[in-house]
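The values are calculated or read from the model by the stated rules, or taken from the named source; none is laboratory data. Predicted, not measured: the structure shown is a model, and the values here were computed from it. So basically every Cβ, Gly included, is an ideal-geometry build from the backbone, and we count neighbours across all protein chains shown.
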Amino acid sequence: MSWIAETLTSSVGRKVIMALTGFFLILFIIVHLSGNLQLLLNDGGEQFNKYAHFMGHNPLIQTVSILNFTFILLHVITSIILTRRNSEARPVKYHVSRMQNSSTWASRNMGFLGSIIFIFLVVHLANFWFKMKFGGVPMVEYDGVQYKDLFTVVKEAFQQEWIVIVYVVAMVALGYHLSHGFMSAFRTFGLHHRKYNGFIKGLGIAFSIAVAIGYAIIPVIIYFRY
Amino acid sequence: MKLTLKIWRQKDANDKGRFVTYQVDDVSPDMSFLEMLDVLNESLIHKGEDPVAFDHDCREGICGMCSLFINGKPHGPEQTTTCQLHMRSFKDGDTIVIEPWRAKPFPVVKDLVVDRSAFDRIIQAGGYISVNTGSAQDANNIPIPKDKASEAFDAATCIGCGACVAACKNASAMLFVAAKVSHLALLPQGDPERAIRVSKMVAQMDAEGFGACTNTGACEAECPKGISVKNIARLNREFLRAKFIEEVDKPLEELAEGK
C-alpha cells in the first residue's frame, strides 16, 4: 500500500478525513445560511432570486458545489466505515452501563444525528435543488430579465406544516452534531492546548446554536408570514 | 453489609456466558472490592463450587492487572482501580452487577478474566527505545525541562489496565496508545524513534481490532490514573507528523525491502 493510502485508511487517518470534510462543510453551512437569510427580506423574493441565479451560473460556485457534494459523500462513507468498525470492536454489549455522565449525549450519538441530517438533505435537495436544476420552477421578471422564482417555491413548501417540522427537527440535530463535531475536529488535528481549549469549545457551542436557530427560523417565519 | 452480586460466569472463550446471582453476608465496609470477591470465592470453594475467576496482582493500584465493569462503570463508581475500591462506596442491601471488559480484542478467558495481550503486542510494535539503558546516569546528564518531564511522567502513569477501552463506546484503545506514545515522544531518549513508534503502534492498534476515537472523553473520565485526552491530541499530531513530515516512518530495513 502506498504511504498515503496507508495513512488515510488507518483509524487516525479516517478521523482526519472526517475532520477535514467536516471543516469544509462548516464553511458551506456559513455561506449557505448567509445566502438563505435573504429569504427573510420583505421584497417579494427579488434579491433572493437574483442571488440564486448568481449561485446557479457562476463557474467558481459550480466547481465548489461539486466539491461540496464530494465532501458530503466522503464524510458519510467514512463515517459508515468507522461506525461499522467501532460496533465490531464490541460484539458483546454491557448488560448494565452507567456511562452517560462520562461524555456528552451528542458525542455518543454522532451517527444517529448524522443520519437525521442525511435524510433531511435528501428531502431538502428533492424539494429545491432538484426543481431548480431540472425544472418545475416558475419564472419571474425583474427589470426585463427573466429569473427562476425559487422564492415562490420555498414559500409554498414552507406553507406545509410537516415540512416546517422536518426542517426544524433537522436543524436541532445539526446543532447537536456541530456541538461535538466542531470541537472534535480540532482534537483530531492534534490541536489541544489549555491556551485555547476553552475558546474552541465556547466557539463551537455558540456556532452550533447560531446555525440551528439561524436555519430553523427561516421556515418558521415564512410559515407565519404568508 | 449484605450484598447481592450478579456476576458474569463464562466457562471459557467459547462458552456463551450468563449472569449468576450470589448473596454475600458479613461484608465489611473496609474491605476492598477484591477482598469482598475473595470472601465470596472462599464460600464457593467450601461448598465445592467453582470460584469466580478475576484478575488481580499488586492490589495497591499500580500494576494494572485488576479490571471489572462494576454497576455499569469500569473499576466501579470511584475513579480508581478495582483493588483500591472499597465496600464503603456501596450500601447495605445493594445489588452489584459485575461484568468483564467487553471488547473484541479482549476475549474473555474465564468469567471476569479477559486476555489483554493485545496491549502487549501494541507495546511490542514500538512502545520502547531500541538502545540499552545501562546503569543509572548522573542526574542532569541529559537536561530535560521540568514541564516536559512532568508531561512525560503523567503519561507514563498509565498502568495499561484497559479501562479506557472498556469505557469507550467504540472500544477504542486510543488513550492507552496515546499515553505510551506521549511518554516516550516527550523525552530525548524516545525522540529518535518518534515517527516509527507512532506509525507502528497505530498500525498494531488497528490490526488488533480496536475501534476508532470519537473524542467523547469517556476514557479520561473513567481512567483510574486520570490520563488526559490531550495525549490523544498529541498522538494525532505525532501520527500526522510521522506520515507527512518525517523522512522515515518505518525502520530502514523495511524501507529497503520496499514494504
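Remarks
- Filter result (more than 7 Å from chain A (Cβ to nearest Cβ), over 16 Å from B:G160 (Cα atoms) and in contact (Cβ under 8 Å) with a residue 12 or more places away in the chain) within segment B:210-246: B:L235, B:E238, B:R241, B:A242, B:E246
- Restricting the search to helices (runs of 4 or more DSSP H) fully inside segment B:167-239 and requiring at least 3 residues that are of a type in the set (G, A, S) and closer than 24 Å to A:A5 by Cβ gives B:194-208.
- Segment B:63-74, residues that are farther than 14 Å from B:M36 by Cβ and either more than 9 Å from chain A (Cβ to nearest Cβ) or out of contact with any strand residue (DSSP E or B) (no Cβ under 6 Å at 6 or more places or on another chain) (or both): B:C63, B:G64, B:M65, B:S67, B:G72, B:K73, B:P74
- Tally, over segment A:81-91, of residues that are at the interface with chain B (Cβ under 7 Å from one of its Cβ atoms) and surrounded by 16 or more Cβ atoms within 10 Å (Cβ to Cβ): 5
- Selection of segment B:159-184 for residues being within 12 Å of chain A (Cβ to nearest Cβ) and either free of Cβ contacts under 8 Å to residues at least 40 places away in the same chain or among the small types (G, A, S) (or both) yields B:A163, B:A166, B:A167, B:A171, B:S172, B:A173, B:A178, B:S182.
- Selected residue [of a type in the set (A, V, I, L, M), in contact with a Pro (Cβ under 8 Å, 6 or more places away or on another chain) and not assigned by TED's automatic domain parsing to the domain that holds B:V177] from B:I70, B:I62, B:I98: B:I70
Yes/no matrix, rows are residues, columns are (1) within 14 Å of chain B (Cβ to nearest Cβ); (2) modelled with pLDDT of 95 or more:
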position: A:L121; (1), (2): no, yes
position: A:G135; (1), (2): no, no
position: A:F182; (1), (2): yes, yes
position: A:G198; (1), (2): yes, yes
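- Hits in segment B:1-49 - residues which are within 14 Å of chain A (Cβ to nearest Cβ), closer than 16 Å to B:P100 by Cβ and either surrounded by 18 or more Cβ atoms within 10 Å (Cβ to Cβ) or in contact (Cβ under 8 Å) with a residue 60 or more places away in the chain (or both): B:L5, B:K6, B:I7, B:W8, B:R9, B:Q10, B:A13, B:G17, B:F19
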